[in-house]
Amino acid sequence: MAEQRRPISAADIAAGQVAAIVTAAEHAAADIAARAEREAREREREGEREGDQIRERARAEAAQARQEAHAEAVRIGELARKEADERIQSAQQAADDALAQAQAIGAGLRQLAATLEGQAERILRDVQAGHRRLMADLSVGAGIELGAESPRERSGGSPIDDLEVPTWAEKGS
């Protein structure tokens with residue numbers, strides 16, 4: 001006695017097919033999700049590698065820029081020192097020249113002072129000698145009567161003839 005099987009209905013067949021399709025879709029979705037997850041991890045690792053490379057290049061470029069900046073700073077510092085040395089040397093030379101000129105002017109002024117002092121002494125002696133002669137002439141003239149000739153008038157000379165012209169005044173004429 002065999003058991004009788006129930007005939008399979010079209011709805012049962014369709015339900016089975018739908019279940020099979022759903023199961024296949026679930027498997028496909030799981031495969032797609034796993035593949036997407038693997039690709040995402042691979043892209044993440046690739047992104048990290050690229051980020052590491054970019055950071056490493058940036059570090060290298062920064063180190064090179066620092067080296068170049070340091071070299072430029074050293075070069076500029078050396079130029080500034082050289083320029084400062086040249087300016088100091090020029091200033092020292094100018095100071096030495098000014099000192100030499102001042103010393104020459106001082107020597108010239110001392111010589112001029114000595115010359116002027118000598119001429120002043122000669123002028124003073126000449127004036128004193130002229131004063132003595134005038135005083136002598138005045139005292140001689142005071143003792144002579146009116147109308148009498150002085151010895152100089154008898155000789156035909158004038159009192160000015162006895163005055164000596166200073167040597168500095170002779171040079172100018």
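Observations, loosely collected:
- Two-decimal Rg/Rh across segment 8-142, once Rg and the Kirkwood Rh are taken from alpha-carbon atoms: 2.03
- Principal axis extents of the Cα atoms in segment 51-128, from largest to smallest and rounded to whole angstrom, are 111, 12, 5.
Bear in mind these aren't lab numbers, they're just calculated from the coordinates by the rules spelled out. The structure presented is a predicted model; accordingly, all values stated were derived computationally and were not measured.
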